[in-house]
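To keep things clear, I will list the structure first and then write my remarks on it.
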Ligand code: NAP
């Protein structure tokens, strides 16, 4: 009989763990949401061969284990348990997860670790192990957010707080402009894929990574412990890339009439993803057609509504999103999209673009709009595809991006 594993926690609705373990291995892996009053019974009676542990039980489970690894003892929490002959053996694979995310560059003069919770403890243990000097910034500690200027010389910043995590997208714990020496940012958050902190780092030319690789690495290390097999840790890059492709949105931008909606619908249908057309969603929300809204309230009011909608749609993951032609009119929209999307420019020759039912195109003319917007489409896009025929274009995007 194949072995059975799972994830123990309190609320596990949005957990990536089953998907990661499914990609890594072929054992059974399920979610076990358990209330505090049932925890003791679960630990005593479970017939699983092993399990991972998440918030809020990492410390309680450590105390319940018969034996605990030195690393887990040092960090003060257990996230992986193996059950053997009725005895519980506890480990902490977040250590390995962060070690892998950090990689081989350990030449930092000062790291700042934001937050002092469970993940921060694993980060601190790794930094100490790698001889990287660090300071923990805690809201209630001696080093806190009111005296950050003492640490302007930090060259590595690790966010181990939930600030900026879904659904609080857009929040950032610090302003990176205050750290002129910073050359790398590691944000342990993986939803959104790019937090406001990561987006700011990218804008400042600082290398930045999210917590997805740490998540996969800690799972691979757990799988290795579950099955006594080193094979899993060799698959970290492949599984991280696969998860990234699954999670990220494809946001289509381009001139009005370039075929974003048709290409998007086709792409959604061949890939089995959800599809959202911003203009259609706006019409539903506004209760009237876009030409009517323009006529009644004007373009400025329309653009504000469009940004509000994009901020909300951009919080979703794994979707295909067709944006209105004028999305590039507001820089805020770029930040909203970049959180979770790869931005794809759909190109089509000007002569083939229709203008019927498109108020901005009719008012200003295609040539003027193209002159204004084409440089922006090109600057915003991560990649471009030519739409000579929508099915072929959708297929090309699927092959390259999904
Ligand atoms: P935790 O134990 O609750 O600790 C979070 C810490 O962040 C708190 O101790 C607190 O430290 C600080 N914090 C909380 N709310 C804050 C706020 N509003 N403003 C500023 N600081 C705040 O949580 P955790 O398990 O360490 O997780 C922290 C983050 O890491 C989460 O986003 C989680 O998703 C992520 N994580 C990722 C991975 C991965 O594999 N990628 C693994 C574990 C965790 P102070 O009170 O000292 O300020």
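The values are calculated or read from the model by the stated rules, or taken from the named source; none is laboratory data. What you see is a predicted model; the values in this text were computed from it and never measured. FYI the Cβ positions are ideal-geometry reconstructions off the backbone, even for glycines, and counts take in every protein chain you see.
Numbers for the structure displayed
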read-out	value
Residue in segment 335-343 that is without any contact (Cβ under 8 Å) to a residue 60 or more places away in the chain and either buried (at least 19 other Cβ atoms within 10 Å of the Cβ) or on the phi < 0 side of the Ramachandran plot (or both) present	yes
Hits in segment 70-86 (condition: within 16 Å of the ligand (Cβ to nearest atom) and at positive phi)	76
Residues (within 14 Å of the chain's Cα centre (by Cα) and more than 10 Å from the ligand (Cβ to nearest atom)) located in segment 163-189	167, 169, 170
Residue list for segment 3-38, restricted to those being more than 19 Å from residue 49 (Cα to Cα) and in a loop (DSSP other than H, G, I, E, B)	10, 11, 12, 13, 14, 15, 16, 35
Residue count for segment 62-76, restricted to those that are surrounded by 24 or more Cβ atoms within 10 Å (Cβ to Cβ) and in contact (Cβ under 8 Å) with a residue 24 or more places away in the chain	1
Candidate set from segment 87-104 (those that are part of a strand (DSSP E or B) and crowded, with 18+ Cβ neighbours inside 10 Å); member that is nearest to the ligand (Cβ to nearest atom)	91
Segment 5-34, subset within 12 Å of residue 227 (Cβ to Cβ) and more than 19 Å from the chain's Cα centre (by Cα), residue surrounded by the fewest Cβ atoms within 10 Å (Cβ to Cβ)	26
Boolean, residue 125 is more than 22 Å from the chain's Cα centre (by Cα), in a helix (DSSP H, G or I) and farther than 28 Å from residue 22 by Cα	yes
Single match in 177, 142 (criterion: part of a loop (DSSP other than H, G, I, E, B) and either surrounded by fewer than 23 Cβ atoms within 10 Å (Cβ to Cβ) or in contact with a strand residue (DSSP E or B) (Cβ under 8 Å, 6 or more places away or on another chain) (or both))	142
Verdict on residue 160 being within 15 Å of the ligand (Cβ to nearest atom), without any contact (Cβ under 8 Å) to a residue 60 or more places away in the chain and in contact with a helix residue (DSSP H, G or I) (Cβ under 9 Å, 6 or more places away or on another chain)	yes
Residue match in segment 13-29 (condition: over 27 Å from residue 318 (Cβ atoms), more than 13 Å from the ligand (Cβ to nearest atom) and touching a strand residue (DSSP E or B) at 6+ places or on another chain (Cβ under 6 Å))	no
Residue in segment 207-229 that is within 28 Å of residue 167 (Cα to Cα), without any contact (Cβ under 8 Å) to a residue 24 or more places away in the chain and away from the ligand (no atom under 11 Å from the Cβ) present	no
Helices (runs of 4 or more DSSP H) wholly inside segment 296-402 containing at least 3 residues that are over 30 Å from residue 212 (Cβ atoms)	299-313, 359-364, 366-380, 390-401
Any hit, segment 196-205, residues being in contact with a strand residue (DSSP E or B) (Cβ under 7 Å, 6 or more places away or on another chain), away from the ligand (no atom under 16 Å from the Cβ) and modelled with pLDDT of 95 or more	yes
Condition met for residue 107 (assigned to a helix (DSSP H, G or I) and either in contact with a helix residue (DSSP H, G or I) (Cβ under 9 Å, 6 or more places away or on another chain) or more than 12 Å from the ligand (Cβ to nearest atom) (or both))	no
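Okay, residues lined up against (1) within 14 Å of the ligand (Cβ to nearest atom); (2) more than 27 Å from residue 100 (Cβ to Cβ):
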site	(1), (2)
111	no, no
122	yes, no
127	no, no
132	no, no
146	yes, yes
150	no, yes
154	no, no
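Per-residue answers, yes or no, for (1) surrounded by fewer than 22 Cβ atoms within 10 Å (Cβ to Cβ); (2) in contact (Cβ under 8 Å) with a residue 60 or more places away in the chain; (3) outside any helix (DSSP H, G or I):
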| position | (1), (2), (3) |
| --- | --- |
| 234 | yes, no, no |
| 239 | no, yes, no |
| 246 | yes, yes, no |
| 251 | no, yes, yes |
| 258 | no, yes, yes |
| 261 | yes, yes, no |
| 267 | no, yes, no |
| 270 | yes, yes, no |
| 280 | yes, no, no |
